[in-house]
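Enquirer: Got a structure for you, questions after.
The values are calculated or read from the model by the stated rules, or taken from the named source; none is laboratory data. From a predicted model like this one, the values you see are computed outputs, not experimental measurements. Positions of Cβ are backbone-derived with ideal geometry, glycine not excepted, and every protein chain shown enters the neighbour counts. Heavy atoms of the whole protein, side chains included, go into the accessibility calculation; ligands, DNA and RNA do not. Shrake-Rupley method; radii C 1.70, N 1.55, O 1.52, S 1.80 Å.
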Amino acid sequence: MLRVGLTGGLGSGKSTVAARLRSLGAQVIEADELGRALMEPGQAVYSAIVRQFGPQVLAADSRLDRAALARLAFDGGRLAELNAIVHPTVIEAQQTWMDRVFAQEPSAVAVVESALIFEVERDARERGESEGVLADWRNRFDRVLVVAAPEPLRLARYVARITGGPWNEDVAADARARIKRQMTDAEKAVRADFVLNNDDTLEALLAQTDVIWEKLKVESASNQGANTQRKR
């Protein structure tokens, strides 16, 4: 088995890499998707957010108004409060998912796609936390993959994804603000096991992914063999 973290900044192309890995045989879960599920009514994360931020973050149907919550978190300087509620539960849910995957497929490569693997750990340690799921998130992975790309290219990709193509300066400004809160590609690269450079064609990115996948498969099979030997 092999636990893999897949990360990269806004517009880097990590979702493309995740999709490719899934098509090649990896088990993949998206942290954002998991977080959204845990923020639905009836979930503990949902209740904690409402208690912390108040009814102003609720929509008419009693679900979270994500736009209002984002404004409070990002523009209102309350992102740390939101992360402290969401991230520990999301990380524990990821661990539960991995345990289930490995129980069913001991030689699996389980990939968690998340934009903030390094940032969550950094922020926790800046708050003085030296232990716990947030301060130790990087170490929960056997390997970490970083998808890197020049910032202007990432901006263009993000804006095109949001608008459907045309440039929009308001969307770009929001993207720049989000990128500013993230670590740089260079900072992530020094702590990564593999770096995929997404500054060329889609085919080039997929080719890099394919090469790394073969290495991950070999390591996962090796780990499984070692585990089998220890049990004898």
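Enquirer: Considering only residues of segment 98-128 that are open to solvent by 10 Å² or more (accessible area, probe 1.4 Å), touching a residue at least 40 places away in the same chain (Cβ under 8 Å) and charged (D, E, K, R), which is nearest to GLY5 (Cα to Cα)?
Expert: GLU113
Enquirer: Continuing with this model, one more query. Do we have any residue at all in segment 30-39 that's touching a Leu at 6+ places or on another chain (Cβ under 8 Å) and without any contact (Cβ under 8 Å) to a residue 60 or more places away in the chain?
Expert: Taking every residue of segment 30-39 in turn, at least one turns out to be touching a Leu at 6+ places or on another chain (Cβ under 8 Å) and without any contact (Cβ under 8 Å) to a residue 60 or more places away in the chain.
Enquirer: Kindly indicate the residue of segment 29-82 that is of a type in the set (Phe, Trp, Tyr) and open to solvent by less than 60 Å² (accessible area, probe 1.4 Å) and also farthest from LEU116 (Cα to Cα) among those meeting that condition. Working first, answer last.
Expert: Going through segment 29-82, the residues of a type in the set (Phe, Trp, Tyr) turn out to be 46, 53, 74.
If we keep only those that are open to solvent by less than 60 Å² (accessible area, probe 1.4 Å) as well, we get 46, 53.
Working: TYR46: 20, PHE53: 22 Å.
Filtering segment 29-82 for residues that are of a type in the set (Phe, Trp, Tyr) and open to solvent by less than 60 Å² (accessible area, probe 1.4 Å), the one farthest from LEU116 (Cα to Cα) comes out as PHE53.
Enquirer: Now, a different point. Give, as residue ranges, the helices (runs of 4 or more DSSP H) completely inside segment 143-232 that count at least 2 residues that are open to solvent by 60 Å² or more (accessible area, probe 1.4 Å) and in contact with a helix residue (DSSP H, G or I) (Cβ under 7 Å, 6 or more places away or on another chain).
Expert: 151-163
Enquirer: Another one. Given the conditions (1) touching a residue at least 12 places away in the same chain (Cβ under 8 Å); (2) open to solvent by 30 Å² or more (accessible area, probe 1.4 Å); (3) touching a helix residue (DSSP H, G or I) at 6+ places or on another chain (Cβ under 9 Å); (4) not basic (Lys, Arg), report the number of the one that GLU92 does not fulfil.
Expert: (3)
Enquirer: Ok, one more. Do any residues in segment 207-232 that are farther than 27 Å from THR16 by Cα have Cβ atoms under 7 Å from those of residues that are at pLDDT 80 or above and charged (D, E, K, R), where the two are at least six apart or on different chains, and which pairs are they?
Expert: none
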